[in-house]
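The values are calculated or read from the model by the stated rules, or taken from the named source; none is laboratory data. All of these numbers come straight from a predicted model, not from anything done at the bench. Methodologically, a virtual Cβ is constructed for each residue, glycine included, from the backbone with ideal geometry; neighbour enumeration extends over all protein chains shown. Note: areas computed on protein heavy atoms with side chains; ligands, DNA, RNA excluded. Shrake-Rupley method; radii C 1.70, N 1.55, O 1.52, S 1.80 Å.
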Amino acid sequence: MILLLEDDPAIAQTVVYALQREGLTVQHHAWLREARAAWARQSPQAAVLDIGLPDGSGLDWLRELRQGGSAVPVLLLSARGEEFDRVLGLELGADDYLCKPFGVRELVARVRALLRRAVVPAGGLVVERLEARLNGQRLPLTRRELALLQALHAAQGRTLSREQLLDQAWGQDAESTDRTVDTHVKTLRAKLRDAGLGDDCIRTQRGLGYSLER
Ligand code: CA
C-alpha cells in the first residue's frame, strides 16, 4: 500500500489514478492527522508526502517518522514557489523529492524505484513473546500467526516441517492439519509483505516445509 498525503484534490486524484493503474493500492489523505492515524494502524510500503498541509508540515512528520525508527521510503512533494530546502529534506530522511508541477509518469517511475528499495532485510524483524515488530512498527498479527512466526524465527533459517510447525504453534489441537499451516503461512506472508519485507521472506521448501529468510 502506498500512502499519499496531499491536500490538493486535483493533484491527489491524478496521482491516485496513475498509481492504481499500475496495480498499486493507494490510500489518500488530505490531512496530516488522518495520515498519522492510518500509519499507526498499518505501515505503508512507501509514502508520497506533500510538505504544505492544512494542519502541519510533511517535513516535520517525516522527521518524527525517522526518529521513531521507520525506514519506509518517502518521496516529498513541494509546491511551486515554495522554498524547498532539498538538503534539509534529504537530511530528514527523504529518499526522493519532486517539485510541482511534475509529470505523473515521472512520479510513477520514482514510486516504483522507491518500492524496489523498500524491501527491508528480515534483520529488522524483532520477534518477542507478545509481539513482533519491523523497524519499530508493531505487526498486526493474530495470536496464531505470531506463534508461527516465533517458531520460524527461533529455527534461525532452518526449515521446519508442517508437523513441527503444528506442534510448536498449535500444540495439542486435533482440529489442525497441514492445510491449516499453509493457510496461516499465506496470511502471515501477506502481512509481512505489507509491512515491507520481501515476498519470499517465508520460503516454501517443496516437500519439506517452511523457513524464514534471514
Ligand atoms: Ca499542499
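For V15, the test of being within 16 Å of the ligand (Cβ to nearest atom), touching a strand residue (DSSP E or B) at 6+ places or on another chain (Cβ under 7 Å), modelled with pLDDT of 95 or more and over 11 Å from L3 (Cβ atoms) is passed. Scan region 198-212 for residues that are out of contact with any Phe, Trp or Tyr (no Cβ under 9 Å at 6 or more places or on another chain) and open to solvent by 70 Å² or more (accessible area, probe 1.4 Å) and the total you get is 5. Among the criteria (1) within 24 Å of L208 (Cα to Cα); (2) modelled with pLDDT under 85; (3) acidic (D, E), the one E145 does not fulfil is (2).
Taken as a whole, the structure leaves G52 outside the set of residues that are open to solvent by 10 Å² or more (accessible area, probe 1.4 Å) and away from the ligand (no atom under 13 Å from the Cβ). So, of the residues in region 58-88 that are at pLDDT 85 or above and within 10 Å of the ligand (Cβ to nearest atom), which turns out to be farthest from V26 (Cα to Cα)? Top of the filtered list is S78. Annotation: A37 fulfils all but one of (1) closer than 18 Å to Q137 by Cα; (2) under 14 Å from the mean Cα position of the chain (by Cα); the unmet one is (2). Within the set L115, L92, L76, the sole residue that is out of contact with any strand residue (DSSP E or B) (no Cβ under 8 Å at 6 or more places or on another chain) and open to solvent by less than 50 Å² (accessible area, probe 1.4 Å) turns out to be L92.
Before we move on, is Q20 touching a residue at least 12 places away in the same chain (Cβ under 8 Å), of a type in the set (S, T, N, Q) and more than 16 Å from the ligand (Cβ to nearest atom)? So Q20 fails the test. Working only within region 159-173, note down all residues that are of a type outside the set (A, V, I, L, M, F, W, C), in contact with a Ser or Thr (Cβ under 9 Å, 6 or more places away or on another chain) and at pLDDT 90 or above. Hits for region 159-173 are T159, R162.
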